[in-house]
Amino acid sequence: MCEQCEYPGRSGQEYVAEILARIEEYGWCVQGVLGTDSRPPWAYTVGLTAHGLPELLVAGLPPQPAEALLSAVTERTLEEGPPRPGEVFSLRGLPTVEIVALAEPSAHLLVAVSLYGREIRALQLVHADEAGRFPWAPSYRDGRGGQPVLGTRSDG
């Protein structure tokens, strides 16, 4: 479920106006989508496209950790430029991430697409589990999965 869905009486135009107001005030914002029984939650930035940067997405984390990770990597991105596909790094207190370019950003970043069009660019922050394993390892989260990778890993 996304914030727009939490207030069903609000029109799509009202919601987009609120998103635009946040972007005007902060330069960008986070859009979260709660998971279902068959799909993990995900969250992504909206507004980085206006800065000439790719939007960022994280899957498989609850809302607060997802927002913390997106916020930290967004601040880094605004200061240093976007991370590169294949880059692996960690920021203090946050999981290690590997950057993967999304294969089809317009399928997952619907609010960003509604503002900037289907040609947006996006990078996924693929996060390691508590043991430092990534989802392409069979032992990731002790085999429980829960983080889809929405693109193809780069050789760096």
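Helix-only arithmetic for the chain: the sum of -39500 (n - 2.57) across DSSP H runs with n ≥ 4, divided by the residue total, places the mean residue ellipticity at 222 nm at -8500 deg cm²/dmol.
Against the empirical curve 2.2 N^0.38 Å, the C-alpha radius of gyration of the stretch 3-143 lands at a ratio of 1.04.
Rule-based calculations on the coordinates, nothing more; no lab input. Quick caveat: nothing in here was measured; it's all calculated off a predicted structure.
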